[in-house]
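Presented below is the structure to which this report refers.
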Amino acid sequence: MANRQALRELQSRLAERLLAARTKGVSASWLAVEAGDGRYLFPLGQSGEIFPWNSPQPVPYTQDWFVGVANLRGGLFGIVDLGRYLGRAGTATRGERSANEARFVALNAAIDVNCALLVDRLSGLRNAEAFSEFTEPESGSPAFFGHRYVDLQGKVWQEINLQQLAQQAHFLTIGA
């Protein structure tokens, strides 16, 4: 019960900080998330609303990374498991996902794709001061990968351009 309350408080604080960052000038540049065994940074201007786990309705004959569809605030959204989409090991199967930490991060409405990314956990907001160095994406990385950042604890974070991700033919082709 205490964990559930702590997670709600974290989500509330994140929502307040996201709103403050958008209205008072950007003090944080990214929403940090974890999916599979990877750490990712979503630009705040491309990120939409964060939703708690809500069992999506499976859709037959789709890619294994397309979890299904879910009603999020009255809108029908396709749910993409980010870890599986990126081929990252460690992603739980559809039935094994921890509902306590998993979240849906909708793409910003300006991107004009009714899609939310399923992530294993939120890691807060980050700004440039949270990182000690950055490098160009690795050779052969997808076009939607931005810089790679190393935080002060030595953890590597991969920036993902959500607008470019949403324009990828592979991302838009959910049929198996």
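Here are L82, L76, L72: which of them is under 23 Å from Q158 (Cβ atoms) and at pLDDT 90 or above?
Result of the check over L82, L76, L72: L82.
When you go through (1) touching a residue at least 40 places away in the same chain (Cβ under 8 Å); (2) in contact with a Pro (Cβ under 6 Å, 6 or more places away or on another chain) one by one for F145, which number turns out not to apply?
Condition (1) is where F145 drops out.
If I filter segment 131-155 down to residues being within 17 Å of L31 (Cα to Cα) and in contact with a Ser or Thr (Cβ under 9 Å, 6 or more places away or on another chain), which single residue comes out as least open to solvent (accessible area, probe 1.4 Å)? Spell out how you get there, then give the answer.
First, the residues of segment 131-155 that are within 17 Å of L31 (Cα to Cα): 131, 134, 144-152, 155.
Retained after the next criterion (residues that are in contact with a Ser or Thr (Cβ under 9 Å, 6 or more places away or on another chain)): 147-152.
Numbers: H147: 54, R148: 60, Y149: 30, V150: 33, D151: 10, L152: 119 Å².
Among those residues, the one meeting the criterion is D151.
What single numbered condition from (1) under 17 Å from R39 (Cα atoms); (2) modelled with pLDDT under 95 fails to hold for L165?
(2)
Please go through segment 10-41 and pick out each residue that is modelled with pLDDT of 75 or more and either under 18 Å from E129 (Cβ atoms) or open to solvent by 80 Å² or more (accessible area, probe 1.4 Å) (or both). Walk me through how you get there before you give the answer.
At the first step, the residues of segment 10-41 found to be modelled with pLDDT of 75 or more are 29-41.
The answer is S29, W30, L31, A32, D37, R39, L41.
Does at least one position in segment 113-123 carry a residue that is farther than 18 Å from A35 by Cα and either within 17 Å of the chain's Cα centre (by Cα) or among the charged types (D, E, K, R) (or both)? Talk me through it step by step, then tell me what you get.
Of all residues in segment 113-123, those farther than 18 Å from A35 by Cα come to 113-114.
From what's left, either within 17 Å of the chain's Cα centre (by Cα) or among the charged types (D, E, K, R) (or both): 113-114.
The answer is yes; a qualifying residue exists.
For segment 118-153, what are the residues that are touching a Phe, Trp or Tyr at 6+ places or on another chain (Cβ under 7 Å) and under 18 Å from V80 (Cβ atoms)?
L118
Kindly indicate the residue of segment 85-108 that is more than 21 Å from E159 (Cβ to Cβ) and open to solvent by 50 Å² or more (accessible area, probe 1.4 Å) and also modelled with the highest pLDDT among those meeting that condition. Steps first, please.
Keep residues of segment 85-108 that are more than 21 Å from E159 (Cβ to Cβ), which gives 92-102.
Still in the running and open to solvent by 50 Å² or more (accessible area, probe 1.4 Å): 93-96, 98-101.
Details: T93: 51, R94: 47, G95: 48, E96: 53, S98: 61, A99: 67, N100: 79, E101: 88.
If we take residues in segment 85-108 being more than 21 Å from E159 (Cβ to Cβ) and open to solvent by 50 Å² or more (accessible area, probe 1.4 Å), then E101 is modelled with the highest pLDDT.
The values are calculated or read from the model by the stated rules, or taken from the named source; none is laboratory data. Quantities reported herein were computed from a predicted structural model and do not represent experimental measurements. Neighbour counts are summed over all protein chains in view; Cβ atoms, including those assigned to glycine, are modelled from backbone coordinates with ideal geometry. Accessible surface areas use protein heavy atoms only, side chains included; no ligands, DNA or RNA. Shrake-Rupley method; radii C 1.70, N 1.55, O 1.52, S 1.80 Å.
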